[in-house]
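J.: My questions all concern the structure below.
The values are calculated or read from the model by the stated rules, or taken from the named source; none is laboratory data. A quick note: this is a predicted structure, and the numbers were derived from the prediction, not measured. Note: ideal-geometry Cβ built from the backbone for every residue, glycine included; neighbour counts use all protein chains shown. Heavy atoms of the whole protein, side chains included, go into the accessibility calculation; ligands, DNA and RNA do not. Shrake-Rupley method; radii C 1.70, N 1.55, O 1.52, S 1.80 Å.
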Amino acid sequence: MAETPPRALTIAGSDSGGAAGLEADLRAMTACGVHGCVAVTAVTVQNSLGVSGVHLVPPDVVAAQVRTVVGDIGVGAAKTGMLATAEIISAVADVVDEVGIGRDTGVPFVVDPVAASMYGEPLLADDAMDAIRTRLFPRAALVTPNLDEVRLLCGITVRDRESAGKAADALHDLGARWALVKGGHLHGSPEVTDLLSDGERTWEFSGPRIDTPHVHGAGDALASATCAGLARGLEMPDAVAFAERYIRRAVAESYPLGAGTGPVSPFWTLADWDEP
Ligand SMILES: Nc1ncnc2c1ncn2[C@@H]1O[C@H](COP(=O)(O)OP(=O)(O)OP(=O)(O)O)[C@@H](O)[C@H]1O
Ligand SMILES: Cc1ncc(COP(=O)(O)O)c(N)n1
């Protein structure tokens, strides 16, 4: 019998195609040596071509999943993915306070403000980004928006390093302890740069843009690998460095699936990686 590994919780929607959402989260957590627990927010009808249906889980059932997992299994960190509505966001904000998950607790909270699928279908109600901003940002140890989500959250269009820095500062001012501005959507650039900031210091994670269309679930995997690093006890910059190492290889080994866009690869492991 082995020892109980570190545990982490994802509060996210399901992707029936198995590329994004909680399926991507659990695989990334496993690959990073962490047992993943789940609070399901929504079931999506989804494949490699897009999202054709969404069925919501009642907010009190989302909260009950969080409560029951934390009460028994215990988690070292938690993250959010698709939260769908302001009502679910409100239930999540209340329950994380109740169980002691948050930016100033021993259980860091990673908020990935998922607004839409990579195909453009909305995964968040129109009025709900405001709820993420006001109810979740002040509780977040880290927020991980892509460039479209940055624009929705703080009105800044990121085109270069300077505007990415301004956006990170604005996200920090909204209450998040750390902000990671992800550069995957800056398609003209030969490099991909993600910028991490706590409002005073910044870290840049850069690498060559990998030539693949198969990046479904990349953002989910990055936030989950960071959450896994935090659950393993890493400090924020080290947890992000850990996740950046994971995602670059996962993108490099991405594979086609179905007739559309394939996922980043979970078929390798950082579980034995201990260096910060
Ligand atoms: N072509 C690429 N080459 C290398 N890294 C990439 C590439 N595309 C995305 N990434 C990395 O994948 C992560 C996700 O970035 P992105 O900005 O695409 O966020 P996202 O929109 O939330 O992801 P997705 O919608 O694909 O799930 C980031 O760490 C980014 O740097
Ligand atoms: C259930 C669910 N959660 C999140 C995403 C975002 O992932 P992507 O931007 O890669 O489509 C998704 N497509 N489905």
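J.: Tell me whether the range 135-239 comes out rounded, prolate or oblate; compute the Cα gyration tensor, take square roots of the eigenvalues as a ≥ b ≥ c, and use a/c under 1.5 as the rounded threshold.
T.: Oblate is the answer for the range 135-239, as a/c is 1.5 or above yet b/c matches or exceeds a/b.
J.: Among the trypsin sites (Lys or Arg not before Pro) within the range 173-227, which fall in a DSSP loop and have no more than 14 other Cβ atoms within 10 Å of their own Cβ?
T.: Arg201
J.: So, one more: Calculate, for Tyr255 and Thr105, the FRET efficiency according to 1/(1 + (r/R0)^6) with r their C-beta to C-beta distance and R0 45 Å; round to the nearest 0.05.
T.: Plugging the Cβ-Cβ distance into 1/(1 + (r/R0)^6) gives 0.75.
J.: How long is the range 7-257 along each principal axis, judged by its Cα atoms, biggest number first, in Å?
T.: 45, 41, 36
J.: Please give the per residue volume of the convex hull enclosing the alpha carbon atoms of the range 1-64, rounded to a whole number of Å³.
T.: That works out to 86 Å³ per residue.
J.: Could you give the length gained on full extension between Tyr119 and Ile73, defined as 0.36 nm per residue of separation minus the Cα-Cα distance, in nm?
T.: 13.0 nm
J.: With a bin width of 5 angstrom, please list the P(r) values of the range 1-147 as percents of all Cα-Cα pairs, from the 0 bin to the one holding the largest distance.
T.: So the P(r) values, bin by bin, are 2, 10, 21, 24, 21, 13, 6, 2, 1, 0.
J.: Same structure again: Can you give the Kirkwood hydrodynamic radius of the range 82-196 from its Cα pairs, in Å with one decimal?
T.: 14.4 Å
J.: Mind grabbing the accessible area of Cys154 for me, 1.4 Å probe, Å², rounded to tens?
T.: Here the accessible area works out near 40 Å².
J.: Taking the DSSP beta bridges in the chain as the whole, what percent of them are antiparallel, to the nearest 5?
T.: 45 percent
J.: Quote the Stokes-Einstein diffusion coefficient, in whole µm² s⁻¹, for the range 33-83, based on the Kirkwood radius over alpha carbon pairs, a temperature of 37 °C and a viscosity of 0.692 mPa s.
T.: Diffusion coefficient, whole number: 261 µm²/s.
J.: Identify the chymotrypsin sites (Phe, Trp or Tyr not before Pro) of the range 118-206 meeting these criteria: DSSP loop state and at most 16 other C-beta atoms within 10 Å of the C-beta.
T.: For chymotrypsin sites (Phe, Trp or Tyr not before Pro) across the range 118-206 that sit outside H, G, I, E and B with at most 16 neighbouring Cβ atoms in 10 Å, the list reads Tyr119.
J.: Can you tell me, using C-alpha contacts under 8 Å and at least 6 residues apart, the relative contact order of the range 7-257 as a whole percent?
T.: 18 percent
J.: Considering only protein heavy atoms and a probe of 1.4 Å, how much of the accessible area of the chain is carbon and sulfur, as a whole percent?
T.: Of all accessible area on the chain, carbon and sulfur atoms account for 53 percent.
J.: Loop by DSSP (not H, G, I, E, B), at most 16 other beta-carbon atoms within 10 Å: where is the longest site-free stretch of the chain for GluC sites (Glu not before Pro)?
T.: 4-199
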